[in-house]
Structures are given as structure tokens and as C-alpha cells.
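Colleague: Just passing along the structure, written as C-alpha cells.
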Ligand code: NAP
Ligand code: ZN
Ligand code: ZN
């Protein structure tokens, strides 16, 4: 065991503060990572506020982790000391079930082990990336390609893969009209990725405040959902809509924007349930679906794709003492487009 510095929420909604945590000794198949950057995902805030229920305190968030391998166990073959690596939302899974064997570890039938706010297979509570070091099984560690710097790569480990996976699964590409609801951390990566895949991209944001950014990031069109006319104007337009919204949404209204056989894929994880009149799906044989992060191999594929296309996250690097202020700004939709903690400041 090693004692390392971290930032933790001591209780639900309490400000995060500096503390220390224990990391396990580097096991046979583990790597020890010297963390350089950790992105702030809205999921960190949901959990630090216990908005989903069941949070374990003290809670050290952070599942958008990049850093350098400083130690490798004797059985490690995939990574070496000095490698630039990343860790996303999970650090283990059963590795035996149908989904794990298919590379969908995020849907492990026995439950994956989340990077933080979870109990791992040894019975220990997991702590995330708002800390100086982490020990992770090599199979849940990905390689950061040379073309990506560690700061802009960090948000790809959650925001990047969570949007890449459904865009690929629902075939975003040339000839497809794709809309992204919410231009935040996930939303801005959805726009960049859908554009890079060749789709015609529309941003559906609450207002036109971020329109210039949206167009610069790769959107072809930008509409305000605060304007009722948008819903009439865009009726029957999209093949695919990806919702990245962190709050409950009137899904019925957005389903009206789909073409026949279109799909609305929700990746947002609001704290309250939503209600839906199912008639919104009947006319037009529409699909309402969900998607969670992505598998490990798919995460590596996404990183390689981003490096090839020069797609990093748009980030604002902050010191650890600014974490609480950054949380307030994310809650106010005042983020352009991901806060990333410089872990050297912890
Ligand atoms: P974020 O940066 O805060 O972005 C969310 C965006 O949603 C905001 O920028 C805002 O965009 C829009 N929004 C916020 N409140 C709204 C409201 N009341 N009505 C309409 N739009 C609203 O958050 P994020 O980090 O991208 O995460 C988004 C959600 O995805 C969170 O719930 C998070 O927990 C979840 N998540 C899910 C997965 C998964 O695996 N499925 C992975 C990561 C995160 P505009 O200002 O443009 O309107
Ligand atoms: Zn996340
Ligand atoms: Zn499994």
C-alpha cells in the first residue's frame, strides 16, 4: 500500500478537499500510473452530490485519466514503464461473460467495476483520478497515441468514448443527418466526432450563446431549443439524435424531429426520471435507445481515430483548488468544453 494525495468529497454536496488515500501495491498484472491530468465529467458531480443514490464517501471522482506508467507488474505485457496511458470509467469486469468476451466490458453481466465510487472484486472501495497515482490492471489501461497530448486526451476517456460508441453503432456517416442535444463535455465531442465521420451535424442547444463555437467544432447547423419554433422547423429531419443532456428532458418533443425509422440515443444520466407519451414512438417506427461509455478495445479504436484526425477535447486546464468552482460552472452550463485538472497541483 502507498499513501497518495487526492481530492475527495467528504460527504454529499460538501466541497471537495485535499486528502490522502491508499493505493494497493502494484500486482502481477497491474501498472502504477503517475497521473498527469484528470477531466471533470458531469457524472463526477452527480456522484459527489449523491444524485444517483448509493455514493460511497469520502468519494474521489475522476474517470478521464491520463498519465505515465511508472511501474509494471511482472506479468504485464501490454504496457511498459514510460508509456503514455489512459484510464476511463471502469477498472475491471468479470472477463468471462458473453458481453465481456464480445469486448463490451461496460455491459458486463456481473457488473463492471467503476473507476471510483465502487467496490472492487477484492472488496476495496475504488478511488478515481483526482489523485496523483492509480494502480490498474493492464487490461483496463489504454495507450494514448503520440499525436495526442495528455491534457486534451483526458476527456476522450469518457466524453470521447461515450459519444463515439453510439455514433458508430448507429452508423453516423456520409448522407446521415445527426443532431446533438447539449453542447457540453460530451456534446462537443459528439459534434467533432460526427463531423469527422462525415455526417451532417446539427447542434440543439438551449440558446444560441455558443453558436460560433458549435460551427467551429464542426456543426453545419445550430438551433436553440429555447425557441419553440425550432421543434416545428426541424420536424422529421434527423436520422439520429444523441442527447447528452444532464437534466430531465421532454423526449417526446425531440422524437418529433426524427425521420421515420430514426433513433434518439440518450447518453445523459439525469438524477430524476423522465416521462414519455409512447405515441411519440409509434408514428414513424422510432427508436429510443441508451448507451453507456464503450468497451476497452473500442476506447483504443476511438483514441487512434482521434489522433489520426487531430481530434482532442477543447479544454480549460485548472488547478486542484479550482475544482469546486469548476463544478459550479459545469452546473451552470458554463464550460467550454471540459475542465481538466492539472494533477501536479493536488
Ligand atoms: P455537461 O458538460 O454539463 O453538458 C451537458 C449539457 O447539457 C450542457 O452543456 C447543456 O448544453 C445541456 N443542459 C444542461 N442542463 C440542461 C437542461 N436543464 N435542459 C436542457 N439542456 C441542458 O455534462 P457532460 O459531462 O457532457 O455529461 C452529460 C450527461 O451525460 C451527464 O448526465 C453525465 O452524467 C452523463 N454521462 C453519461 C455517460 C454514459 O456512459 N452514458 C458517460 C458520461 C456522462 P447547452 O448549454 O448546449 O444547452
Ligand atoms: Zn464521465
Ligand atoms: Zn463480464
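The values are calculated or read from the model by the stated rules, or taken from the named source; none is laboratory data. From a predicted model like this one, the values you see are computed outputs, not experimental measurements. All Cβ positions, glycine included, derive from the backbone under ideal geometry; neighbour counts span all protein chains shown.
Colleague: Tell me, yes or no, whether region 78-85 has at least one residue that is within 16 Å of ligand 3 (Cβ to nearest atom) and either buried (at least 24 other Cβ atoms within 10 Å of the Cβ) or free of Cβ contacts under 8 Å to residues at least 40 places away in the same chain (or both).
Modeller: Within region 78-85 (the criterion being within 16 Å of ligand 3 (Cβ to nearest atom) and either buried (at least 24 other Cβ atoms within 10 Å of the Cβ) or free of Cβ contacts under 8 Å to residues at least 40 places away in the same chain (or both)), the answer is no, since none of the residues qualifies.
Colleague: Quick test for you: out of 34, 50, pick the one residue that is away from ligand 2 (no atom under 16 Å from the Cβ) and under 25 Å from residue 82 (Cα atoms).
Modeller: Of the residues listed, the single one that is away from ligand 2 (no atom under 16 Å from the Cβ) and under 25 Å from residue 82 (Cα atoms) is 34.
Colleague: Filter region 112-155 for residues that are assigned to a strand (DSSP E or B), free of Cβ contacts under 8 Å to residues at least 60 places away in the same chain and under 17 Å from residue 30 (Cβ atoms) and give the result.
Modeller: Once the filter is applied, which keeps residues that are assigned to a strand (DSSP E or B), free of Cβ contacts under 8 Å to residues at least 60 places away in the same chain and under 17 Å from residue 30 (Cβ atoms), region 112-155 yields only 113.
Colleague: Quick check on region 108-124. Is at least one of its residues away from ligand 3 (no atom under 16 Å from the Cβ), buried (at least 17 other Cβ atoms within 10 Å of the Cβ) and farther than 22 Å from residue 300 by Cβ?
Modeller: Within region 108-124, one or more residues are away from ligand 3 (no atom under 16 Å from the Cβ), buried (at least 17 other Cβ atoms within 10 Å of the Cβ) and farther than 22 Å from residue 300 by Cβ.
Colleague: Residues 204, 217: which one is touching a strand residue (DSSP E or B) at 6+ places or on another chain (Cβ under 7 Å) and not assigned by TED's automatic domain parsing to the domain that holds residue 335?
Modeller: None of the others qualify; the one that does is 204.
Colleague: Within region 7-19, identify whether any single residue is in contact with a helix residue (DSSP H, G or I) (Cβ under 6 Å, 6 or more places away or on another chain) and within 16 Å of residue 137 (Cβ to Cβ), and answer yes or no.
Modeller: No, region 7-19 has no match at all.
Colleague: For the list (1) within 16 Å of ligand 3 (Cβ to nearest atom); (2) crowded, with 22+ Cβ neighbours inside 10 Å; (3) free of Cβ contacts under 8 Å to residues at least 60 places away in the same chain, I need the number of the one condition that residue 90 fails.
Modeller: All conditions are met except number (3).
Colleague: OK, next. Go through (1) crowded, with 23+ Cβ neighbours inside 10 Å; (2) closer than 22 Å to residue 261 by Cβ; (3) more than 13 Å from ligand 1 (Cβ to nearest atom) for residue 165 and report which single condition fails.
Modeller: (3)
Colleague: I've got another one for you. For residue 306, which of the numbered conditions (1) in contact with a strand residue (DSSP E or B) (Cβ under 7 Å, 6 or more places away or on another chain); (2) outside any loop (DSSP other than H, G, I, E, B); (3) in contact (Cβ under 8 Å) with a residue 24 or more places away in the chain fails to hold?
Modeller: Only one criterion is unmet by residue 306, namely (1).
Colleague: Sticking with this one: List every residue pair whose Cβ atoms lie under 9 Å apart, where the two residues are 6 or more positions apart in sequence or sit on different chains, the first residue falls within region 41-58 and is farther than 9 Å from residue 117 by Cβ, and the second residue, located anywhere, is part of a helix (DSSP H, G or I) and within 16 Å of ligand 3 (Cβ to nearest atom).
Modeller: Every condition considered, no pair remains.
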